[in-house]
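Data block below; observations after.
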Amino acid sequence: EDIHWLGFDWGDRFFYGSDYFEKCYEYAEKLIQEGKAYVDDLTREEMQEYRGNDAGKPSRPSPYRDRTPEENLDLFRRMRAGEFADGEKTLRAKIDLASPNMNLRDPAIYRIKHVSHHRQGDKWCIYPLYDFAHPIQDAIEGITHSMCSLEFENHRPLYEWVVTNIFGAGFPKQREFARLNVTNTVMSKRYLRKMVETGIVNGWDDPRMPTLCGLRRRGYTPASIRNFIDMVGVSTSYSVADYGLLEYCIREDLNRIAPRGMAVLDPIKLVIDNYDETTIEEFDAEVNPENPDMGMRKVAFSKELYIERSDFMIEPVKGYFRLFPGNEVRLKYAYYVRAVSYETDENGNVTVVHCTYDPASRGGWLPDRKVKGTIHWVSTHDAVPAEVRLYDQLFLDPDPSDDSDGRDFTEKLNPDSLRVCKNAVVEPYLANCEKNAHFQFLRSGFFSSDDEHTKERPVFNRTVSLKDSWKKQAVKA
């Protein structure tokens, strides 16, 4: 599902490794007959002791290394028949006990494991190990290059040994690259699993998770992720991509394709005292100024509106150009209004702001009178209640997995990675969208309708804020 969502398809080339168990077994018998594999009776602990270590401890041969091919073949067939218990015997490749690469010191290629397989049932009680099965599967499927992360670099000689000694061909080849790392997040499946299982996040598709399903639910587009990967590139050196680059990529994409709309996340009421309470006007607004082909939409306007609580201050601070007593601002698309008074509740919180409007400023523009502030709004006439979830980076620390300071990664969580606005209001056309639709909420950021979204109960996730501190760096680079 994730791969298809990204825009890729494998046609009829969808395979299961377990379909090749029989071929793996046949190739194991071939190695035995050629004297290149033997059945060992050492326990796992004894085997580790005999193999030495990469710190200079030499290896020594297993007492069973020189069994004849006939004896090994008989024992291996009896292993398959289920005559031995788990761990009682192991099939090992006979390679090079003196190799500095531990993976070549007679690695195990088959173990006994009396468990059912989710696709093969109880057909098998011996299973090939990954380093043996993987190159065989690649060769059967016609893979030319098997791509893996850097930690498998010292496994490449074993991969090549299996291919050469079974197929004698030059392909497939294993090639390694650095794993994708991103600041302010963790990419380890072990860490991600821990966050899911301990309830730090709400599942693998939590919009804060760096999973494809999580990014999709947050509102990331396939194009933005593909572009991010293209910009990061493929490296054989350890590197970390800035989370800001990922945000830059989604902003660039959504800025072109996302319809605009007005949503008030923390509303207070704005009453226009000199506006007729029976009048409902409509104003034209571009769906997306960056893409005129998306056309226009109608925005309803009435005597009572909702505005953001942060757009009014009783005593403004320096540089504050929005509403305060006596100040004039532009209502987006509509009129100039001037604040004249306000009402508060018993706790002193502003609940209603009273203002007057200038009828001559229809359309929100008077060339001979400049105002410094423009604010958005939603008419109480058709405002739709909505829940808006403000997601942010899950970690404050750029490298959460670095435990050199003695702290576990779970101690570096951002306490504000999710804030929920339960009393938000939105334009009707925003509420009437389908799931996973993209929008720009004016002055707030880019948002996507959640999987839980319905027209009766709209739910939106913040994909990314409008602030783009990375763009200047990106353009410069």
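The values are calculated or read from the model by the stated rules, or taken from the named source; none is laboratory data. The structure displayed is predicted, hence computed values, not measured ones. Reconstructed Cβ throughout: ideal geometry from the backbone, glycine too, with neighbour counts over all protein chains shown. Quick note on the areas: whole protein, heavy atoms, side chains included, nothing else; ligands and nucleic acids left out. Shrake-Rupley method; radii C 1.70, N 1.55, O 1.52, S 1.80 Å.
Worth pointing out:
- Identity of the residue in the range 282-322, part of a loop (DSSP other than H, G, I, E, B) and of a type in the set (G, A, S), that ends up nearest to V271 (Cα to Cα): S302
- Residue check, A55 free of Cβ contacts under 8 Å to residues at least 40 places away in the same chain, under 20 Å from P107 (Cβ atoms) and of a type in the set (A, V, I, L, M, F, W, C): yes
- Residue pairs whose Cβ atoms lie under 7 Å apart, separated by 6 or more positions or on different chains, with the first residue in the range 396-409 and touching a residue at least 12 places away in the same chain (Cβ under 8 Å) and polar (S, T, N, Q) and the second open to solvent by less than 90 Å² (accessible area, probe 1.4 Å) and assigned to a loop (DSSP other than H, G, I, E, B), are S401/V186; S401/S188.
- Members of the range 1-27 that are of a type in the set (A, V, I, L, M, F, W, C) and either within 30 Å of L215 (Cα to Cα) or outside any helix (DSSP H, G or I) (or both): I3, W5, L6, F8, W10, F14, F15
- Members of the range 2-32 found to be farther than 29 Å from W161 by Cα and without any contact (Cβ under 8 Å) to a residue 24 or more places away in the chain, listed by number: I3, H4, F8, D9, G11, D12
- For V340, the stated conditions do not hold, so it cannot be described as out of contact with any helix residue (DSSP H, G or I) (no Cβ under 8 Å at 6 or more places or on another chain) and open to solvent by less than 40 Å² (accessible area, probe 1.4 Å).
- Candidates in the range 213-262 are the residues that are among the hydrophobic types (A, V, I, L, M, F, W, C) and assigned to a loop (DSSP other than H, G, I, E, B); of these, the one that is most open to solvent (accessible area, probe 1.4 Å) is V234.
- Checking each residue in the range 149-186 for being among the aromatic types (F, W, Y) and over 17 Å from L31 (Cα atoms) picks out F152, F171, F177.
- Qualifying position, being basic (K, R) and closer than 30 Å to E160 by Cβ, among R175, R193, R226, R251: R175
One line per residue, one yes/no per condition, for (1) open to solvent by 30 Å² or more (accessible area, probe 1.4 Å); (2) modelled with pLDDT of 95 or more; (3) of a type in the set (F, W, Y); (4) under 27 Å from D138 (Cβ atoms):
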| site | (1), (2), (3), (4) |
| --- | --- |
| D12 | yes, no, no, yes |
| C24 | no, yes, no, yes |
| Y38 | no, yes, yes, yes |
| G52 | no, no, no, no |
| R65 | yes, yes, no, no |
| L75 | no, yes, no, no |
| D86 | yes, yes, no, no |
| P100 | yes, no, no, yes |
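- Selection count where residues are assigned to a strand (DSSP E or B) and open to solvent by less than 30 Å² (accessible area, probe 1.4 Å), scope the range 106-126: 6
- Matching residues in the range 302-350 - criterion: being over 20 Å from T279 (Cα atoms), touching a residue at least 24 places away in the same chain (Cβ under 8 Å) and touching a Pro at 6+ places or on another chain (Cβ under 6 Å): A339
- Single condition R175 does not satisfy, out of (1) open to solvent by less than 30 Å² (accessible area, probe 1.4 Å); (2) within 28 Å of the chain's Cα centre (by Cα): (1)
- Which listed residue, of Y306, Y320, is touching a Phe, Trp or Tyr at 6+ places or on another chain (Cβ under 7 Å) and open to solvent by 20 Å² or more (accessible area, probe 1.4 Å): Y306
- Residue among V464, V459, V420, V378 that is modelled with pLDDT of 95 or more, of a type outside the set (S, T, Y) and over 25 Å from the mean Cα position of the chain (by Cα): V378
- Selection status of M209, open to solvent by 50 Å² or more (accessible area, probe 1.4 Å) and hydrophobic (A, V, I, L, M, F, W, C): no
- Restricting attention to the range 178-203, the residues being open to solvent by 60 Å² or more (accessible area, probe 1.4 Å) and either assigned to a loop (DSSP other than H, G, I, E, B) or more than 15 Å from K412 (Cβ to Cβ) (or both) number 7.
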